[in-house]
Amino acid sequence: MAQLKPHTSVSTSLQAWLLLVAVSILWGSSYILIKRALVGFDPLQMAAWRIVITGMFVLPLFLRHMHHFAWQHWKGLLVVGLFGTAIPSWLFALAQTQISSSLSGLLSSLTPLFTLLLGICCFHLPMAWSKVVGVIVGLIGAAWLLLGQDGSLSGSTRYGLFAVLGALCYGINANAIKAWLQDMSPRDISIASFVLIIPFGLLMGIYTQAWQPLSSHPQGWISLLWVALLALGGTLIASFLFFSLVQLTTAVFGSMTSYLVPVVAVLWGWLDGEPITFHFFAGMALILIGLWLSQKNN
């Protein structure tokens, strides 16, 4: 994996920072797009559309390059598709039926902490106390946010647990790629995993009759537009740009998106009129401190 070297040109450094900002904006904007899409669809319907649209975008590339794929890894690719896209698409949408897009985006930043925790517990990743402390601090921040200012888990904030589970799914996805798909390129992993879950998206769509809101809901087609933007920008383009960022620089530099994505999500929520309190900023600070501690000496 290429790293930035001392003689790296100014233009290359600028390209890396532009990629970092672009990925952070795309991923951070996903939660406001989910909020908009939920106006016309229920969570399962929205997830079905997101899966199918993303898969259809990459299907031509898949058909063109399918003979290059390492199909002996199909089980790993299916795990990546399910835990990296399909299940979190539903979980974050379900969470946002009751919590704000700001809180959902902030809880998604637990992903690196879960990646590390699962790596230590299940994939024999070397343990360092700074990383363990980082995970604990980050989880305390998430608990602080979910418990609310009165110290109880209310009916609405309880739905934040679905966002936490979504972040856990992303952690499983990251470890699965590391453990089982090391000999595949990031592009091939993305394309194959997106295509493999198309049948799941179609089944979800049939089960929920995901096409009905297009004719029965006044915001149906507009909601579909938001889902398409989410699938194209927040899922497909952001993934490819992130892989390009890591290849141009390092995984550590790419991990800086973990700090910027929640900031973008919070800004979108604030612009959309969502209340941002001191309690919220305190929880956000704990999560970001946990991220910093967990990534020290990486």
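Would you mind stating whether LEU168 is under 20 Å from the mean Cα position of the chain (by Cα), in a helix (DSSP H, G or I) and crowded, with 23+ Cβ neighbours inside 10 Å?
Spelling it out, it is not the case that LEU168 is under 20 Å from the mean Cα position of the chain (by Cα), in a helix (DSSP H, G or I) and crowded, with 23+ Cβ neighbours inside 10 Å.
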Open item on the list: All but one of (1) more than 30 Å from GLY76 (Cβ to Cβ); (2) in a helix (DSSP H, G or I); (3) modelled with pLDDT of 90 or more hold for PHE281; state the number of the condition that does not hold.
Closed with: (3)
Open item on the list: Checking the condition over 30 Å from ILE191 (Cα atoms) and in a helix (DSSP H, G or I), which residue from LEU106, LEU94, LEU145 passes?
Closed with: LEU145
Open item on the list: Step by step: first the residues of the stretch 42-84, then only those that are at pLDDT 90 or above and of a type in the set (S, T, N, Q), then the one that is farthest from GLY205 (Cα to Cα). Which residue is that?
Closed with: THR54
Task: Which numbered condition LEU203 misses (of (1) touching a Phe, Trp or Tyr at 6+ places or on another chain (Cβ under 8 Å); (2) among the aliphatic types (A, V, I, L, M); (3) within 25 Å of PHE83 (Cβ to Cβ)) - done: (1)
- [ ] Examine the stretch 125-139 for a residue that is crowded, with 20+ Cβ neighbours inside 10 Å, in contact with a Ser or Thr (Cβ under 8 Å, 6 or more places away or on another chain) and among the small types (Gly, Ala, Ser), and state whether such a residue exists.
- [x] yes
Open item on the list: For the list (1) at pLDDT below 95; (2) within 19 Å of PHE83 (Cα to Cα), I need the number of the one condition that VAL252 fails.
Closed with: (2)
Task: Residue list for the stretch 13-28, restricted to those being touching a residue at least 12 places away in the same chain (Cβ under 8 Å) and farther than 16 Å from ALA163 by Cβ - done: GLN15, ALA16, LEU19, LEU20, VAL21, ALA22, VAL23, SER24, ILE25, LEU26
Task: helices (runs of 4 or more DSSP H) wholly inside the stretch 15-90 that include at least 1 residues being of a type in the set (Phe, Trp, Tyr) and within 13 Å of the chain's Cα centre (by Cα) - done: 30-37
Open item on the list: Condition first: in contact with a Gly (Cβ under 6 Å, 6 or more places away or on another chain) and either without any contact (Cβ under 8 Å) to a residue 60 or more places away in the chain or under 23 Å from LYS178 (Cβ atoms) (or both). Now tell me which residues in the stretch 225-274 satisfy that.
Closed with: LEU245, VAL246, VAL261
Open item on the list: When you check ALA2 against the structure, is it of a type outside the set (Val, Ile, Thr) and either under 17 Å from ASP272 (Cβ atoms) or modelled with pLDDT of 90 or more (or both), yes or no?
Closed with: no
TODO: Please identify the pairs in which a residue from the stretch 77-89 that is touching a residue at least 12 places away in the same chain (Cβ under 8 Å) has its Cβ atom under 6 Å from the Cβ atom of a residue that is not in a helix (DSSP H, G or I), counting only partners at least 6 apart or on another chain.
DONE: GLY81/ILE197; ALA86/ILE197
TODO: Identify all residues within the stretch 247-278 that are buried (at least 19 other Cβ atoms within 10 Å of the Cβ) and part of a helix (DSSP H, G or I); write none if there are none.
DONE: LEU248, GLY254, THR257, SER258, VAL261, PRO262, VAL264, ALA265, VAL266, TRP268, GLY269
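The values are calculated or read from the model by the stated rules, or taken from the named source; none is laboratory data. Here the structure is a predicted model, which is why all the values come from computation and not from measurement. Cβ: placed from backbone, ideal geometry, glycine included. Neighbour counts: every protein chain shown.
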